[in-house]
């Protein structure tokens, strides 16, 4: 708690940035996690899952502390409720990554080789949204120092627009992948088909949550 209080003394946004780094740790493991699954490397899959769980837990602890001690009376250059909503959506990203790891560990899932490359491609498309939104959040740092004025405002707005466009592409890719999955249902166990369908949904949620963080950033800057 002392650490978080020290961050708040620097800036009300510093704990948000620290929380973002923990969320990024989770997101960074998504592609390697799927690669381990397709390689049949259960040991590596378990190691990555443990890393994700640890980072998610740390992110969750930070979220709880930030919510508990964020000063209600302090002057903020943005709406306090917007800031807390941003924190929640950012934390939802880490939660969704952990949910994906759990489903991938439920059973040793099988997938036709023809589909694995499409799944990795879908994951990469989703991660592009996450990284654009993450970059937009990172740009918040110089904006705080500049009093939310200057060239970085436009840069953030452009990154948010790119994230929104990338999220639309991710939605299309997710739909196409789900449709392709069901063309293989005669070659797969019904439970595997259903689990993969749910996993695709959770991966798609990563793009949705990332895009929403961008939307909230834009709202905060527009006030």
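Some points to look at:
- Selection status of residue 172, under 30 Å from residue 106 (Cα atoms), touching a residue at least 60 places away in the same chain (Cβ under 8 Å) and part of a helix (DSSP H, G or I): no
- The numbered conditions (1) buried (at least 20 other Cβ atoms within 10 Å of the Cβ); (2) at pLDDT 95 or above are all true for residue 16 except (2).
- As for segment 87-105, it holds no residue that is part of a helix (DSSP H, G or I) and at pLDDT below 90.
- Residues of segment 124-141 satisfying the condition of being under 22 Å from residue 97 (Cα atoms) and surrounded by fewer than 21 Cβ atoms within 10 Å (Cβ to Cβ): 124, 128, 131, 135, 138
- Note on segment 142-181: residues that are modelled with pLDDT of 90 or more, surrounded by fewer than 16 Cβ atoms within 10 Å (Cβ to Cβ) and more than 18 Å from residue 211 (Cβ to Cβ) total 4.
- Residue-level check: of (1) buried (at least 16 other Cβ atoms within 10 Å of the Cβ); (2) in a helix (DSSP H, G or I); (3) touching a residue at least 24 places away in the same chain (Cβ under 8 Å), residue 111 misses just (2).
- Given (1) under 18 Å from residue 27 (Cβ atoms); (2) outside any helix (DSSP H, G or I), index of the condition residue 149 fails: (1)
The values are calculated or read from the model by the stated rules, or taken from the named source; none is laboratory data. Remember, predicted model here, so these are calculated numbers, not experimental data. Every residue, glycine among them, receives a Cβ derived from its backbone with ideal geometry; neighbour counts consider all protein chains shown.
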